[in-house]
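Peer 1: Pasting in a structure now, in structure tokens, and then I'll have a few things to ask.
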Amino acid sequence: MTDVAARPTPSPQVPEQAPLLEIEDVYAGYGGDDILQGISMEVYPGEIVCVIGPNGAGKSTVFKAVYGFVNIRKGRVRFDGQEITHARPQEVIQAGIAMVPQLPSIFPQMTVYENLEMGLFLERDKRKIVERIEYVLELFPRLEERRKVMAGALSGGERRMLEIGRALLIQPKMLLMDEPSAGLAPLVTRTIFQNIQRLNREIGLTVLMIEQNVRQGLEASHRGYVLELGRNSYQGPAQELLHNPEVRRAFLGGR
Amino acid sequence: MPFLQALLNGILVGGFYGFMVLGFSIIWGVMGIINLAHGEYVMVGAYFAWALFRAMGIDPFVSALLVFPVMFVVGYVLQWLLINRVVERPHLISLLLNFGLSISIANVYKLIYTADYRSVTVPYSGSFELAGFTLPTIKTAIFFAALAIMLALHLFLQHTRLGKAIRAAAQNKEAAKMVGMDIHRVYAATAGICIGLTAMAGAMVAPIQPISPFMGPLFTVKAFAITALGGLGRIPGALLGGLILGIVETLLTIYVPGVGAKVGTAVSFILLVFVLVTRPQGLLSGLRPVEEGA
Ligand SMILES: Nc1ncnc2c1ncn2[C@@H]1O[C@H](COP(=O)(O)OP(=O)(O)OP(=O)(O)O)[C@@H](O)[C@H]1O
Ligand SMILES: [Mg+2]
């Protein structure tokens, strides 16, 4: 088990290089006491990194802090060489980070296509908007079939695809995903993880995801972080975490 | 009066109601704010038309076009400076804020214009015959203007960037922020459009409605009744609710003996109470809070 303070091992596929996202000793909260009490994380280009931890550990709050929805009181966040500690969501998007939040983020009474248009809200170039949407529809043929359907009428898996597809429209360097498998049937969950791995392979997408579904989440990832009570507790290669006795006892139902 | 003629009169009034309520309904549907100052913006529009008519003989329909940009700016600024500060807080706070605004606006107008009733008498205040029906000219013109504006608003919401942003913010506020919308700007624009439209309705109705600083609450109550009947934030729902109120009001005043035109107000109240008692969420479940679980 790697020590918390130690530098995480880059995943085998990725050569030694600068991290894409660097969260450094971040303290943040919702106005009361700090929820995050010195969180640090690094994500290297081309990695899939999985964050696990019990309910209320502050996993979603880390994402919200990166995205500018929650103010960072202390510490810093760097992305792609740029300081984004106090950036607003619009600026984070422009820096190249997309997010699929934990709560449903589709617009139910808009069509699949309109939902995708909304994903490029900050883009003014109409031709670019159409091109990017067509590109995402190619990545997700199921969405192409349902482009005129109201998003509220999609199945759970299709909605998640729509959310992921919409996040990809801004051609992000990195995608933050908060519990992509939440509320999905096991088979659908597998499809979602396969899609994440496919995007990672095919377009080199760097992914930081939070997962309750610890086994499948880690299996799809290169590395993992365990958070507890707003602090880092373990980190290391995903395979190592999967076999770590303490992680197994806490999150994988024993043994 | 033959029944069909009475029905026609009700429909004409109802079309106006459907238009008059839009601002109220959309502000509620998009931001979860109950605009108790709604009727005051009708009043402001009516005075605007009256003042321009008296000073320069400008037709109220022209004033309706002029008052939109003016009140758009007022609505935008009010939202930006005042209401956006409380929009994330519990509903009661914005309710009280708007209640305070409504009283302030009415009293400022009383200071400026006194409480005397004003009226706008246009030359085309008569009626014409069509297919055996008698059509009051002004009400017919208002009816078609109302339909045209509703159609324009529909096209705006469906096809423009801002229109889509307004719909998106109404459907999922957090997701709207997520894709990079500045939600407070969207809200300000929504308030601008809604208050602009409401004042337009006031200007249009000026020739057939006694104008006074305290005419507002009547329209606010009607807006509540129409929203309870037709639902929130949807143009067809507003039209449906407006038509029901217009028809019920008209038929009652004509057919129930002893019920004069003065009872019109009570009708809205009774309809509102009736809907709330039988279906607390509104006839088309229109009276839900905008956010689930809120
Ligand atoms: N908007 C908010 N306002 C105030 N407190 C919040 C808010 N959101 C979360 N919290 C609190 O912050 C703490 C961490 O929440 P967070 O959502 O980050 O946990 P999580 O690890 O994502 O949990 P879960 O697995 O349940 O999604 C919790 O105690 C929660 O009650
Ligand atoms: Mg969470």
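Taken together, the values in this text are just the output of simple stated rules run on the coordinates, not laboratory data. Given the structure is predicted, the values throughout are model-derived calculations rather than measurements. Heads up, the Cβs are rebuilt from the backbone with ideal geometry, glycines too, and the neighbour counts pull from every protein chain shown.
Peer 1: From the mean inverse distance of alpha carbon pairs (Kirkwood) and the Cα radius of gyration, derive Rg over Rh for region A:40-252.
Peer 2: Values: Rg = 16.9 Å, Rh = 17.7 Å.
Answer for region A:40-252: 0.96.
Peer 1: Grab every C-alpha pair in chain B, bin the distances at 5 angstrom width from 0 up to the longest one, and report whole percents.
Peer 2: 1, 6, 12, 17, 19, 17, 13, 8, 4, 2, 1, 0
Peer 1: Give the shape of region A:132-255 as rounded, prolate or oblate, defined through the alpha-carbon gyration tensor: a ≥ b ≥ c are the square roots of its eigenvalues, a/c under 1.5 means rounded, and otherwise the shape is prolate if a/b is larger than b/c and oblate if not.
Peer 2: The shape class here is prolate.
Peer 1: If each residue's Cβ is checked for other Cβ atoms within 10 Å, how do A:Leu208, B:Leu8, A:Leu143 rank with the fewest at the top?
Peer 2: Details: A:Leu208 27, B:Leu8 21, A:Leu143 24.
Fewest-to-most Cβ neighbours within 10 Å comes out as B:Leu8, A:Leu143, A:Leu208.
Peer 1: Now for a different question. Given the rule -39500 (n - 2.57) for each run of at least 4 DSSP H residues, summed and divided by the residues of chain A, what is its mean residue ellipticity at 222 nm, to the nearest 500 deg cm²/dmol?
Peer 2: Result for chain A: -10500 deg cm²/dmol, rounded to the nearest 500.
Peer 1: Considering only the protein assembly as shown, what is the antiparallel percent among its DSSP beta bridges, to the nearest 5?
Peer 2: Taking every DSSP beta bridge with both residues in the protein assembly as shown, the antiparallel ones total about 60 percent.
Peer 1: Between region A:64-110 and region B:40-103, what is the separation of their alpha carbon centroids in Å?
Peer 2: 36 Å
Peer 1: Separate question: Within region B:123-217, list the chymotrypsin sites (Phe, Trp or Tyr not before Pro) lying in a DSSP loop whose Cβ has at most 13 other Cβ atoms in a 10 Å radius.
Peer 2: B:Tyr124
Peer 1: Now, a different point. At 222 nm, what helix-only mean residue ellipticity would chain B give, in deg cm²/dmol to the nearest 500, using -39500 (n - 2.57) for each DSSP H run of four or more?
Peer 2: That calculation yields -23500 deg cm²/dmol at 222 nm.
Peer 1: Stick to the Cα atoms of region A:79-154, pair each with every other, and give me the Kirkwood hydrodynamic radius in Å at one decimal.
Peer 2: When all Cα pairs of region A:79-154 are included, the Kirkwood radius is 14.0 Å.
Peer 1: Also, I was wondering about something else. Hand me the chymotrypsin sites (Phe, Trp or Tyr not before Pro) from region A:103-192 located in a DSSP loop with no more than 13 other Cβ atoms within 10 Å, in residue order please.
Peer 2: Within region A:103-192, no chymotrypsin sites (Phe, Trp or Tyr not before Pro) qualify (loop, at most 13 other Cβ atoms within 10 Å).
Peer 1: Run the count for region B:2-292, please: Lys pairs, Cα-Cα under 22 angstrom, 8 or more apart or on different chains.
Peer 2: Lysine pairs meeting the criterion: 5.
Peer 1: Under the 0.36 nm per residue contour assumption, what length would be gained going from the current alpha-carbon distance of B:Phe99 and B:Thr134 to full extension? Please list the in-between numbers first.
Peer 2: Numbers: separation 35, 0.36 × 35 = 12.60 nm, distance 4.03 nm.
Extra length from B:Phe99 to B:Thr134 when fully extended: 8.6 nm.
Peer 1: Would you please give the residues with an amide H less than 5 Å from that of A:Gly224, counting only those at least 5 places away or on a separate chain, with H modeled from the backbone geometry?
Peer 2: Correct list: A:Cys50, A:Gly236, A:Ala238.
Peer 1: How big, in percent, is the set of alpha carbon pairs in region B:3-142 lying more than 26 Å apart?
Peer 2: Values: 3668 of 9730 pairs.
Percentage above 26 Å: 38.
Peer 1: Something else about it: Under the definition of partner shielding as Cβ atoms of other protein chains within 10 Å of a residue Cβ, what is the mean value for peptide B:167-176?
Peer 2: Across B:167-176, the average partner-chain Cβ count within 10 Å equals 6.
Peer 1: Would you tell me the mean number of C-beta atoms belonging to other protein chains that fall within 10 Å of each C-beta in A:116-126, as a whole number?
Peer 2: Per residue, the average neighbour count from other chains is 4.
Peer 1: Through the Karplus equation 6.51 cos²θ - 1.76 cosθ + 1.60, θ set to phi - 60°, convert the phi angles of region B:17-30 into ³J(HN,Hα) values in whole Hz; use x for Gly and Pro.
Peer 2: 4, x, 6, 4, 7, 3, x, 4, 5, 6, 4, 5, x, 8
Peer 1: A follow-up question, please. In whole Hz, with x marking every Gly and Pro, tabulate ³J(HN,Hα) for region A:55-64 from phi via Karplus 6.51 cos²θ - 1.76 cosθ + 1.60, θ = phi - 60°.
Peer 2: Calculated HN-Hα couplings, in order: 4, x, 5, x, 4, 5, 5, 4, 4, 5 Hz.
Peer 1: Ignoring solvent entirely, what values of log10 I(q)/I(0) come out of the Debye formula for the protein assembly as shown at 0.08, 0.13 Å⁻¹ when each Cα is a single scatterer?
Peer 2: -0.63, -1.19
Peer 1: Right, next: Need one value for A:88-100: mean number of C-beta atoms belonging to other chains within 10 Å of its residues' C-beta atoms.
Peer 2: Per residue, the average neighbour count from other chains is 2.
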